[in-house]
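Engineer: One structure, pasted below without further comment.
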Amino acid sequence: MEFWFSEMHTDNVKASIRCEKQLYSGQSDFQRIDVFDSAEYGRFLVSNGSVIFSEKDEFIYDEMIVHVPMAVHPNVKSVLVIGGGDGGVARELSYYKEIETIDVVEPDELFVEVCREYFPDNAKGLEDPRVTIYNQDGLRALRTRHGEYDLIINDATDPFGHTAGLFTKEFYGLCYKALKDDGVMVYQHGSPFYDEDEGACQSMHKKAYRVFPICRVYQAHIPTCPAGYWLFGFASKKYHPLNDFDAKRWKKRGIQTWYYTTNLHTGAFMLPKYVEDLMEEAEERQKK
Amino acid sequence: MDIEKQKRAPLYEALERLRRQRVVPFDVPGHKRGRGNPELVRLLGEQCVGIDVNSMKPLDNLCHPVSVILEAEQLAADAFGAAHAFFMVGGTTSAVQSMILASCKAGEKIIVPRNVHKSVINAMVLNGAVPVYVNPDVEPRIGISLGMQISQVEAAIQENPDAVAVFVNNPTYYGICSDLRSIVELAHSHNMRVLADEAHGTHFYFNDKLPVSAMAAGADMAAVSMHKSGGSLTQSSLLLLGSGMNEGYVKQIINLTQTTSASYLLMSSLDISRRNLAMRGCESFGKVMQMAEYARAEINAIGGYYAYGSELCNGTSCVGYDVTKLSVFTREIGLAGIEVYDLLRDEYDIQIEFGDIGNILAYISIGDRIQDIERLVGALADIKRLYSTDTQDLFGLEYIPPKVVATPQEAFYADKEMLPLEQTNGRICSEFVMCYPPGIPILAPGEIITEDIINYIKYAKEKGCSMQGTEDPAIEQLNVLR
């Protein structure tokens with residue numbers, strides 16, 4: 001029997017994974033959630049037809065969105081994770097002893113439940129006593145917070161679906177307000193490769209660039225993402241992701257990683273020419 | 001309302017039957033189910049162009065309904081508690097104009113609140129009726145026009161016992177309702193008809209927690225914008241009749257100006273939307289009310305903004321408030337409503353219904369989701385953070401009582417000359433000037449132009465309101481009577 005999961009990365013590009021079986025399918029108020037088991041990627045979670053993460057490659061994403069800012073900001077005590085109901089980001093954060101609170105804002109309770117059941121290795125991050133889960137809309141949670149966080153991580157991935165509100169100017173503005181004076185925000189920046197993703201990617205940079213004084217983009221190779229290539233945004237009020245990066249300090253912690261290294265940290269900010277051009281174009285447009 | 005019967009959609013069903021029959025068309029429209037215009041099919045889809053057909057025996061004819069359209073209209077009448085319902089394809093404008101044309105002739109008087117939609121006065125330009133204006137009270141804090149007080153209507157009736165009808169907005173664009181039941185009682189006791197503009201009141205018919213609908217209040221006619229809160233296609237609308245009306249005569253009036261090629265897309269959308277409202281309207285509008293109330297509370301919690309609600313009810317000029325409306329007074333953050341409207345679209349990719357000098361209105365409907373409400377509220381919070389200013393220089397005046405010296409028809413067709421706006425002070429205007437939306441005239445034909453009005457027009461233009469109504473597209477010149 002041939003049983004394939006396919007996702008359209010563009011109208012003309014389809015990525016397929018051969019599946020062993022479907023483990024779960026359900027519909028929440030926000031999304032359709034499916035879980036499959038596969039030989040190549042292990043279990044993977046699908047929201048409205050798009051792969052959110054797989055057992056095989058989630059480490060890349062979770063490490064890159066957590067360790068990069070944590071190696072820059074010298075003193076992170078309070079963290080807000082928006083989205084992140086799977087627990088992978090919280091798990092990486094839990095390795096840092098100095099962090100006092102991890103607020104996870106995930107509107108979809110069903111998403112958390114499904115991850116707890118099928119992805120216990122991610123979801124164990126949610127068991128850390130410093131974690132509080134808020135089943136709330138991200139924008140709503142942010143509206144009432146002023147100068148409270150050292151680090152905000154936007155873990156939402158889809159700028160067009162039910163998390164569209166987390167890729168808007170108001171979102172970056174509300175994050176700015178919710179951060180302390182030296183706060184850092186990192187966020188999903190999408191994939192820049194295909195034409196139809198290019199515009200979304202540029203508009204994210206444009207919006208963040210006008211809100212934060214420091215705004216840089218970094219990259220990682222994530223096989224289940226469109227074109228296997230993914231960008232993250234680093235927006236900050238004070239710390240520069242390279243000038244204020246302290247490799248020694250980070251290494252001293254002895255955190256075990258499989259993707260992130262302090263060498264890779266610097267390299268991740270070195271972008272291909274076409275991506276640099278995209279970002280510069282967005283910045284130029286913003287200045288006008 | 002007979003719920004079993006409401007499950008049917010006769011016009012839609014007839015279109016489905018026709019589709020299955022695969023009839024070969026040798027009639028109009030010439031695109032022949034889209035085959036002659038592939039680009040149109042790509043844009044609208046086969047399903048859509050396939051039912052863009054002409055009147056024919058199995059599909060009835062809107063000019064003289066005898067079968068499926070008549071049935072669909074009867075079901076609509078039953079759903080809305082009316083004696084008869086007409087499907088309208090020229091927007092609610094055509095329904096409003098038909099109400100006026102069916103109620104009064106040249107020289108006859110009709111009592112209207114001045115904050116009516118332009119379509120009301122347009123109809124009077126056509127038939128020569130004479131408006132007797134009731135000047136609405138203005139809410140002192142937010143500057144919007146309220147409804148007609150019963151004492152004001154009574155005074156107008158005393159002064160004009162020869163008037164033939166009273167016209168009521170139910171509700172206004174902002175959601176304000178007058179005491180419709182008392183107005184109906186009063187008008188009927190003086191042998192006057194009551195005509196209701198329910199362009200913004202379709203949902204009143206489907207949830208008891210909303211203000212009373214015109215038919216329930218005993219009004220004689222109501223123009224109902226199904227395409228606004230009812231969910232049908234843009235330009236489709238209903239004209240409802242109470243039991244005292246002559247259905248045949250109203251049909252003749254409608255046919256004076258209505259197209260003889262009514263669109264089946266529009267009509268079937270009315271049929272399906274009526275069914276949907278009858279089956280699920282109560283629940284859907286319950287959700288809309290909840291969403292709007294939630295948004296109101298959240299916007300008020302931001303501070304600076306005032307999202308008003310049923311607290312506006314004062315028992316006289318506002319006896320009911322449509323809580324599905326999300327109107328926000330923005331002037332206390334130092335921005336005109338129209339400026340917030342522009343910021344929302346240009347900076348936050350959010351399109352709202354309209355912004356006027358002091359307010360914005362976001363239209364909440366059966367198609368909204370809570371995450372979109374969060375975006376709107378989030379954007380308003382961010383606008384306050386980034387753009388709020390000192391409120392000093394903002395213009396306060398919203399309602400200027402008009403001085404009427406000629407009927408709309410006399411003024412519109414009179415000998416006139418075009419003058420620069422600044423030189424028109426004291427002259428009689430022969431055309432409309434309005435911001436659109438909301439489409440309530442600042443000046444109507446036959447009214448004296450004053451300094452206040454000139455300043456208001458200049459200010460609204462400067463703030464970026466979309467102005468229209470004049471012959472001069474730039475609204476730098478006005479037509480005035482010689």
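Each reported figure results from applying straightforward, stated rules to the coordinates on display, with no laboratory input. The shown structure was predicted, so the numbers you read here are calculated from the model rather than taken from an experiment. Methodologically, a virtual Cβ is constructed for each residue, glycine included, from the backbone with ideal geometry; neighbour enumeration extends over all protein chains shown.
Engineer: For chain A, what is the relative contact order in percent, using Cα pairs closer than 8 Å and at least 6 residues apart in sequence?
Structural biologist: 16 percent
Engineer: Fewest to most neighbouring Cβ within 10 Å: what's the order for B:Met56, B:Met88?
Structural biologist: So the ranking, lowest neighbour count to highest, is B:Met56, B:Met88.
Engineer: Which residue fluctuates the most in chain A, going by a Gaussian network model with Cα springs under 10 Å, if the choices are A:Lys14, A:Lys180, A:Lys237?
Structural biologist: Taking springs between Cα atoms under 10 Å, the residue moving most is A:Lys14.
Engineer: Using Cα pairs closer than 8 Å and at least 6 residues apart in sequence, work out the relative contact order for the stretch B:282-387, in percent.
Structural biologist: The normalised contact order for the stretch B:282-387 reaches 27 percent.
Engineer: Follow-up question, since we're still on this one. Taking amide H atoms as placed 1.01 Å from N in the peptide plane, list the residues 5 or more away in sequence, or in a different chain, whose amide H sits under 5 Å from that of B:His84.
Structural biologist: B:Leu241
Engineer: Find the Cα radius of gyration of the stretch B:332-482, compare it with 2.2 N^0.38 Å by division, and give the number to two decimals.
Structural biologist: Ratio of Cα Rg to 2.2 N^0.38 Å: 1.22.
Engineer: Ok, one more. Could you tell me which of the pairs A:Lys177/B:Lys384; A:Lys177/B:Lys287; A:Lys177/A:Lys206; B:Lys228/B:Lys287; B:Lys109/B:Lys458 are separated by over 22 angstrom between their Cα atoms in the structure shown?
Structural biologist: A:Lys177/B:Lys287; B:Lys109/B:Lys458
Engineer: May I ask you to evaluate 6.51 cos²θ - 1.76 cosθ + 1.60, the Karplus curve with θ = phi - 60°, for each residue of the stretch B:141-156 and list the ³J(HN,Hα) values in order in whole Hz, giving x for glycine and proline?
Structural biologist: 7, 9, x, 9, 6, 9, x, 8, 6, 4, 5, 5, 5, 4, 4, 4
Engineer: Can you run the Rg to Rh ratio on the stretch A:204-280? Use alpha carbon positions and the Kirkwood inverse-distance Rh.
Structural biologist: 0.99
Engineer: Give me the Å³ per residue figure for the convex hull around the C-alpha atoms of the stretch A:58-287.
Structural biologist: 113 Å³
Engineer: Moving to a separate point now. With 21 Å as the cut-off, how large is the P(r) tail for the stretch B:282-387, expressed as percent of Cα-Cα pairs?
Structural biologist: For the stretch B:282-387, the fraction of Cα-Cα distances above 21 Å is 31 percent.
Engineer: When each pair of different Cα atoms in the stretch A:1-125 is counted once in the 1/r mean, what is the Kirkwood radius in angstroms, to one decimal?
Structural biologist: After inverting the pairwise mean of 1/r, the radius is 15.6 Å.
Engineer: Which GluC sites (Glu not before Pro) in the stretch A:22-100 pass both tests, a DSSP loop state and at most 15 other beta-carbon atoms within 10 Å?
Structural biologist: Here the sparse-neighbourhood loop sites are A:Glu40, A:Glu98, A:Glu100.
Engineer: Between their Cα atoms, which of A:Lys180/A:Lys238; B:Lys105/B:Lys403; B:Lys5/B:Lys57; A:Lys77/A:Lys180 are more than 18 Å away from each other?
Structural biologist: B:Lys105/B:Lys403; B:Lys5/B:Lys57
Engineer: Now, a different point. Counting only C-alpha contacts under 8 Å and six or more residues apart, can you give the relative contact order of chain B as a whole percent?
Structural biologist: Over chain B, the number comes to 14 percent.
Engineer: DSSP loop GluC sites (Glu not before Pro) in the stretch A:212-288 with at most 14 other Cβ atoms within 10 Å of their Cβ, which ones?
Structural biologist: Nothing satisfies the criteria.
Engineer: What order do you get for A:Trp230, A:Trp4, A:Trp250 when you list them from fewest to most C-beta neighbours inside 10 Å?
Structural biologist: Final ranking by Cβ density, sparse to dense: A:Trp4, A:Trp250, A:Trp230.
Engineer: Over the residues of chain B, compute the C-alpha Rg and express it relative to 2.2 N^0.38 Å.
Structural biologist: Normalised Cα radius of gyration, chain B: 0.99.
Engineer: Above 17 Å lies some portion of the pair distances; for the stretch B:1-99, what is it as a whole percent of all C-alpha pairs?
Structural biologist: 61 percent
Engineer: If you wrap a convex hull around the alpha carbons of the protein assembly as shown, what volume per residue comes out, as a whole number of Å³?
Structural biologist: Cα-based convex hull of the protein assembly as shown, divided per residue, equals 190 Å³.
Engineer: Which far-off residues, 5 or more places away or on another chain, put their amide H under 5 Å from the one on A:Ile133, with H placed in the peptide plane?
Structural biologist: Close amide H contacts, sequence-distant or interchain: A:Val104.
Engineer: Considering only DSSP states other than H, G, I, E and B, which GluC sites (Glu not before Pro) in the stretch B:66-148 qualify as loop sites with at most 12 other Cβ atoms within 10 Å?
Structural biologist: Sparse-neighbourhood loop GluC sites (Glu not before Pro): none present.
Engineer: Dividing the Cα radius of gyration by the Kirkwood radius, what Rg/Rh value follows for the stretch B:118-178?
Structural biologist: 0.99
Engineer: Of the candidates A:Tyr239, A:Tyr96, A:Tyr149, which one comes out as most mobile in a Gaussian network treatment of chain A with C-alpha springs shorter than 10 Å?
Structural biologist: Maximum fluctuation in the GNM of chain A, among the listed residues, is at A:Tyr96.
Engineer: Distances over 15 Å make up what percent of all Cα-Cα pairs in the stretch B:408-481?
Structural biologist: Distances greater than 15 Å cover 47 percent of the Cα pairs.
Engineer: Just to be sure I understand: with springs between alpha-carbon atoms less than 10 Å apart, which residue in A:Gln188, A:Gln219, A:Gln136 has the highest mean-square fluctuation in the Gaussian network model of chain A?
Structural biologist: A:Gln136
Engineer: Mind sorting A:Phe59, A:Phe167 by how few other Cβ atoms lie within 10 Å of their own Cβ, fewest first?
Structural biologist: A:Phe59, A:Phe167
Engineer: Taking θ = phi - 60°, what integer Hz values does the Karplus form 6.51 cos²θ - 1.76 cosθ + 1.60 yield along the stretch B:193-207, in sequence order, with x for Gly and Pro?
Structural biologist: Listing the rounded values in order: 7, 10, 10, 10, 8, 10, 4, 10, x, 3, 5, 4, 7, 10, 8 Hz.
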